Amino acid sequence: MFVDRVVINVYGGAGGAGSEAYRREKGVPRGGPAGGDGGNGGSVVMVADAQLSTLLDLRYRQHHRAERGLHGSGKNKTGRSGDDLIVPVPPGTVLKDADTEVVLGELLSPGDRMVVAQGGRGGRGNVHFATSTNQTPIWWEPGRPGEERRVEVELKLIADVGLVGEPNAGKSTFLAAVSKARPKVADYPFTTLAPNLGIVELPDFRTFAVADIPGIVEGAHEGRGLGLQFLRHIERTRTLALMVPVDAPDPERVYRELREELSSYSDELGARPHCVVLTKADLLGPQDDPPVLDAAEAWGVFTVSSVARTGLPDLLEALWLRIREVIDAEAAATGDEDWDTPWV
């Protein structure tokens with residue numbers, strides 16, 4: 001089961017209380033206060049784990065509580081601090097405060113960490129309150145409570161290419177043809193009910209990731225169909241491939257509707273570089289030409305057949321070059337002059 005959004009409750013551990021104690025030792029009259037401090041509470045830490053690809057585990061465990069700190073004791077003994085609670089999530093996870101909708105941060109690369117609920121500080125023992133006029137204080141501090149919040153955990157797949165098309169446009173068949181992914185393929189709409197991710201392998205050890213999302217229908221940005229639920233999975237892609245079947249009654253209309261739905265979802269996604277892929281070319285007759293589209297905004301138009309595997313090598317090479325151009329542009333924008341380009 002693919003789960004890409006859950007809301008969990010996180011609780012930082014409470015700090016331990018300071019203690020009230022006095023030094024009682026032979027030969028040390030009026031030894032004075034000796035109350036130790038309480039330990040700090042543990043924090044709840046979200047960590048990106050490359051072994052995970054879904055939020056299914058969090059769906060069945062919605063409460064996460066870190067360990068509390070132990071109380072201080074006599075002889076100036078500090079209580080043990082509570083252990084942090086590590087919560088693994090897939091790379092590409094966005095963390096939000098569920099009540100305020102404020103984005104807490106993103107975990108993009110394996111090993112990225114973020115504290116979502118800070119543990120409470122331990123209280124001070126009475127040794128800290130001794131003064132020249134009060135050498136046997138009876139005061140001590142209780143531990144601070146840990147931070148509590150509801151966290152919305154949202155997964156956005158990290159891929160280089162996003163496949164966008166209407167239901168039954170051939171997206172899953174294309175993904176199965178160019179990668180080792182095995183999405184469900186059938187001759188009825190909405191076969192894909194959850195995003196699929198595949199890795200394309202090219203000669204010279206070149207690879208890139210392709211994300212396939214459920215079909216987009218008119219009004220998807222308003223919640224129609226399954227598209228709105230999964231459009232966020234192509235927000236991080238470097239380029240889009242708009243899939244238009246050659247047997248569509250009006251391929252030009254299909255292309256325009258896809259463009260409009262992307263722009264309606266977000267201006268940034270609508271401006272994302274894209275190419276047009278005319279699919280199901282095996283349905284064309286020997287003398288038939290593929291439809292001609294007015295796609296001036298696209299960086300390329302390709303005609304492929306995933307079943308006959310025609311046109312795929314040229315398309316994959318073009319996608320690879322486009323991805324490399326985007327990566328170079330991102331590196332130049334960040335001022336990374338030492339950016340290595342091993343594909344050159």
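The values are calculated or read from the model by the stated rules, or taken from the named source; none is laboratory data. Quantities reported herein were computed from a predicted structural model and do not represent experimental measurements. Here the Cβ is made from the backbone with ideal geometry for all residues, glycine too, and neighbour counts use every protein chain on show.
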Determine whether region 122-130 contains at least one residue that is in the same structural domain as Gly35 (by TED's automatic domain parsing), surrounded by fewer than 17 Cβ atoms within 10 Å (Cβ to Cβ) and more than 40 Å from the chain's Cα centre (by Cα). yes
Against the condition of a type in the set (D, E, K, R), out of contact with any Phe, Trp or Tyr (no Cβ under 7 Å at 6 or more places or on another chain) and not in a loop (DSSP other than H, G, I, E, B), how does Asp37 come out, does it pass? no
State which residue is farthest from Ser43 (Cα to Cα) when the search covers only region 73-114 and only residues that are free of Cβ contacts under 8 Å to residues at least 60 places away in the same chain, assigned to a strand (DSSP E or B) and basic (Lys, Arg). Lys77
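Would you mind finding the one in Leu319, Leu312, Leu278 that is crowded, with 19+ Cβ neighbours inside 10 Å, touching a residue at least 40 places away in the same chain (Cβ under 8 Å) and outside the structural domain of Val3 (by TED's automatic domain parsing)?
Numbers: Leu312 fails: crowded, with 19+ Cβ neighbours inside 10 Å; Leu278 fails: touching a residue at least 40 places away in the same chain (Cβ under 8 Å).
Only one candidate passes the filter, namely Leu319.
Is it the case, given these coordinates, that Ser19 is within 17 Å of Asp97 (Cα to Cα), buried (at least 20 other Cβ atoms within 10 Å of the Cβ) and at pLDDT 90 or above?
Values: within 17 Å of Asp97 (Cα to Cα): no; buried (at least 20 other Cβ atoms within 10 Å of the Cβ): yes; at pLDDT 90 or above: yes.
So Ser19 does not fit the description; no.
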Among the numbered criteria (1) modelled with pLDDT of 85 or more; (2) of a type outside the set (Phe, Trp, Tyr); (3) over 18 Å from the mean Cα position of the chain (by Cα), which one does Thr191 miss? (1)
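For (1) touching a Leu at 6+ places or on another chain (Cβ under 7 Å); (2) under 30 Å from Arg232 (Cβ atoms); (3) assigned to a loop (DSSP other than H, G, I, E, B), each residue gets a yes or a no:
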site	(1), (2), (3)
Gly122	no, no, yes
His128	no, no, no
Gln135	no, no, yes
Pro142	no, no, yes
Pro145	no, no, yes
Glu154	no, yes, no
Val164	yes, yes, no
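Looking at Gly32, Gly41, which one is in contact (Cβ under 8 Å) with a residue 40 or more places away in the chain and crowded, with 21+ Cβ neighbours inside 10 Å?
Unique residue meeting the criteria: Gly41.
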Checking the condition out of contact with any Cys (no Cβ under 7 Å at 6 or more places or on another chain) and either exposed (fewer than 15 other Cβ atoms within 10 Å of the Cβ) or β-branched (Val, Ile, Thr) (or both), which residue from Arg149, Arg113 passes? Arg113
